[in-house]
There are 2 protein chains.
Amino acid sequence: MIAERLGVSVTTVARAVNGSPKTSVEMTEKVNRVAEELGYVRNMEGVKLRTGRTFVLTALLNFPTDTEIGDPTLLGILQGIHQRCANSDYSIQTIIAPDGGEDIRELEKLVRGRATDGVIMDHTTPQDTRAKYLLEMELPFVTFGRTELFSQHAYFDVDNEFAAWQGTKELIRLGHKNIALLDGPAEFTYVLQRMAGYKRALAEEGLSYRETLVRNLDPQANVAREAAAELVRTTDTDSFVCVNDIVLMGARRGVRDAAANRIEEFNFSVRSGTNLGDYLAKRPITSYFSRLDAGWNLADMLIRQIEGEAPAVLQQIVKTELL
Amino acid sequence: MIAERLGVSVTTVARAVNGSPKTSVEMTEKVNRVAEELGYVRNMEGVKLRTGRTFVLTALLNFPTDTEIGDPTLLGILQGIHQRCANSDYSIQTIIAPDGGEDIRELEKLVRGRATDGVIMDHTTPQDTRAKYLLEMELPFVTFGRTELFSQHAYFDVDNEFAAWQGTKELIRLGHKNIALLDGPAEFTYVLQRMAGYKRALAEEGLSYRETLVRNLDPQANVAREAAAELVRTTDTDSFVCVNDIVLMGARRGVRDAAANRIEEFNFSVRSGTNLGDYLAKRPITSYFSRLDAGWNLADMLIRQIEGEAPAVLQQIVKTELL
């Protein structure tokens, strides 16, 4: 009936319905639209039995604690993942991994229970245990962030080295010389990359790197608030490079705690996937990337890998844009 | 093997594994722990075939647009839902419903595809079409927000009337007399309840209700920013009751746009599930509720309904706490 309505062959429709790479996006959309008009629902249970696949993609995420604001970028990434899957057979399962190495246990459960076709995860480390495990288990996965593993795996990443370099350079251009870095824990790949970018910007401008101005912390607003206040009280810090929106919120508050009358003298830079800066009294320097685009690409790469593409070609790094 | 290890009967273990209400939380935890030590994975496919259930819970959510910050409360609710399901057989599927009545089509897909055991949804209206549809289809659901439907259904809600009343009263106590209300679109139940609370507080204090100080808007930061600026420019507004964190951010910015030199004179109240107020120069009056608790209860009520409890007993309203 669908083939007849569209004036195409049954094979063409079958290909579109089964998500064949030979089908154009337009044809898939046409077929889906007509299928829906006709009240046609695909028997996914049959497809699952036939293919041995679950058509479930798992996003392994780390959520904030109860009252703390939480990084709004995460929500956008999740939205992007959903947008990619909206007109596909895949559904998204999100799993919260509590802190402290629990990720690997969640992954073991998924693998043993054959509960998913693939995994999206962030917060990579250079020798990521989870990535090693999934490589060994041959379960497709894509990381938001890079590793230093010899084996190829799919990833999407922001150019973190560039973003931190960009923010630091801008602060120097505004006349700052005592620039603090508030970043995540140093075990994560993105943090190591950011620290390299920060150091490079300082070196290029003839400023010396001072370890006393760097804080590797749990990137939450309350932690950043304390760290910033302490930096302002005990050092000559005059500006801050912040790893994300909530660290920025905390740092601003910390400066106000320590030196309310001098808050106007400070500048902040931030890597962000939102326009939070628009709503603050003084606009921070923003290294922007699209969190929707990040999520969309993570899901797209995972699906392409599940459907046969090699991980080595599913790797993308985007540059942040100065706002 | 599990029964032997724990020194209990096989029936006790079977009950725990199958999530029988006769099992204590402690026993369930013990059994799960031993099962995991033994590398035991439940064959969920068998359970699904036997019970005709999917063990999938669907959260139908509305996400923000690309760059706008987005309400951080949503992320916390999602986290609470996950926490409830973390040690259960249920997995969470999140579905993004684009604006504009697309929710019902998403629900039709779920029902026709037998893709879920139950649905969690927010943004209820008094005569909620989606709730009517799910009642007719006999698919369990729980709403974050109430309806005025005659049929009983499960819901969890914040006492919205009380929250808006509480915020308005506090602004009056601080000496404000020209209090604007920045709220969501008037078709939603929570907005109608909030408007009632705002009016009641004004009436109790002998202040007249002025329609010109009320804005029903898409509760996003950029929209609130424009509305607040316009109110400050064209009326005698001296304070704001804000429906959520991002409307608060937008309103503050809008006041600064319109009257930067008088920003200190204004006060704001907000209904919030975060401690965002801690990070702002001037702390807003915060009517706080736990977004984790909200999410946990939504999932709990849905699971209890799926497992046989009557919707009429699965209804809970929590009061906000003044921070």
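Which condition from (1) surrounded by fewer than 22 Cβ atoms within 10 Å (Cβ to Cβ); (2) touching a residue at least 24 places away in the same chain (Cβ under 8 Å); (3) not acidic (D, E) is the one that B:L248 breaks?
(1)
Could you grab me the full set of residues in region B:239-298 that are part of a strand (DSSP E or B) and among the polar types (S, T, N, Q)?
B:S239, B:N267, B:S269, B:S272, B:T286, B:S287, listed by residue number.
Whether any residue in region B:235-250 is within 28 Å of the chain's Cα centre (by Cα) and among the hydroxyl-bearing types (S, T, Y) is what I want to check.
yes
Among (1) touching a residue at least 60 places away in the same chain (Cβ under 8 Å); (2) out of contact with any Pro (no Cβ under 8 Å at 6 or more places or on another chain); (3) not acidic (D, E), which single condition is A:V255 missing?
(1)
Being within 13 Å of chain A (Cβ to nearest Cβ) and β-branched (V, I, T) is the filter here; which residues of region B:235-257 pass it?
Once the filter is applied, which keeps residues that are within 13 Å of chain A (Cβ to nearest Cβ) and β-branched (V, I, T), region B:235-257 yields B:I246, B:V247, B:V255.
Among the residues of region A:165-185, is there at least one that is touching a Leu at 6+ places or on another chain (Cβ under 8 Å), at pLDDT 95 or above and among the aromatic types (F, W, Y)?
The answer is no; no qualifying residue exists.
Could you tell me which residue of region A:213-234 is farthest from the other protein chains (Cβ to nearest Cβ), considering only residues that are charged (D, E, K, R) and part of a helix (DSSP H, G or I)?
The qualifying residue farthest from the other protein chains (Cβ to nearest Cβ) is A:R233.
Closer than 26 Å to B:T124 by Cβ and not basic (K, R): which single residue out of B:N267, B:N261, B:N244, B:N275 fits that description?
Result of the check over B:N267, B:N261, B:N244, B:N275: B:N244.
Being crowded, with 24+ Cβ neighbours inside 10 Å and in contact with an Asp or Glu (Cβ under 8 Å, 6 or more places away or on another chain) is the filter; apply it to region B:258-272 and report the residue that is farthest from the other protein chains (Cβ to nearest Cβ).
Across region B:258-272, the extreme among qualifying residues is B:S269.
Just one of the numbered conditions (1) over 21 Å from the mean Cα position of the chain (by Cα); (2) free of Cβ contacts under 8 Å to residues at least 60 places away in the same chain is not true of A:N275; which one?
Of (1) over 21 Å from the mean Cα position of the chain (by Cα); (2) free of Cβ contacts under 8 Å to residues at least 60 places away in the same chain, only one is false for A:N275: (1).
Looking only at region B:291-323, count every residue that is surrounded by fewer than 18 Cβ atoms within 10 Å (Cβ to Cβ) and among the polar types (S, T, N, Q) and tell me the total.
Of the residues in region B:291-323, 2 are surrounded by fewer than 18 Cβ atoms within 10 Å (Cβ to Cβ) and among the polar types (S, T, N, Q).
Which of the residues spanning region A:105-129 are at pLDDT 90 or above and closer than 23 Å to B:D89 by Cα?
A:L107, A:E108, A:V111, A:T116, A:D117, A:G118, A:V119, A:I120, A:M121
Taking B:L174, is it in contact with a helix residue (DSSP H, G or I) (Cβ under 8 Å, 6 or more places away or on another chain) and not hydroxyl-bearing (S, T, Y)?
So B:L174 fails the test.
Can you tell which of A:T143, A:T189, A:T212 is on the phi < 0 side of the Ramachandran plot and touching a residue at least 60 places away in the same chain (Cβ under 8 Å)?
Within the list A:T143, A:T189, A:T212, the selection yields A:T189.
Return the residue satisfying two criteria in turn: it lies in region A:278-303 and is touching a residue at least 60 places away in the same chain (Cβ under 8 Å) and charged (D, E, K, R), and of such residues it is farthest from the other protein chains (Cβ to nearest Cβ).
Per the stated criteria, the residue is A:D300.
Check whether at least one residue in region A:9-24 is at pLDDT 75 or above, exposed (fewer than 13 other Cβ atoms within 10 Å of the Cβ) and out of contact with any helix residue (DSSP H, G or I) (no Cβ under 7 Å at 6 or more places or on another chain), and report yes or no.
yes
Would you mention how many residues in region B:173-195 are surrounded by fewer than 14 Cβ atoms within 10 Å (Cβ to Cβ) and in a helix (DSSP H, G or I)?
1
Name the residue, out of A:T125, A:T168, A:T129, that is of a type in the set (S, T, N, Q) and in contact with an Asp or Glu (Cβ under 7 Å, 6 or more places away or on another chain).
One residue alone meets the criteria, A:T125.
If you take the residues in region A:207-230 that are of a type in the set (A, V, I, L, M) and surrounded by fewer than 24 Cβ atoms within 10 Å (Cβ to Cβ), which one is nearest to A:L181 (Cα to Cα)?
A:V214
The values are calculated or read from the model by the stated rules, or taken from the named source; none is laboratory data. Quick caveat, the model's predicted, so the values are computed rather than measured. Neighbour counts are summed over all protein chains in view; Cβ atoms, including those assigned to glycine, are modelled from backbone coordinates with ideal geometry.
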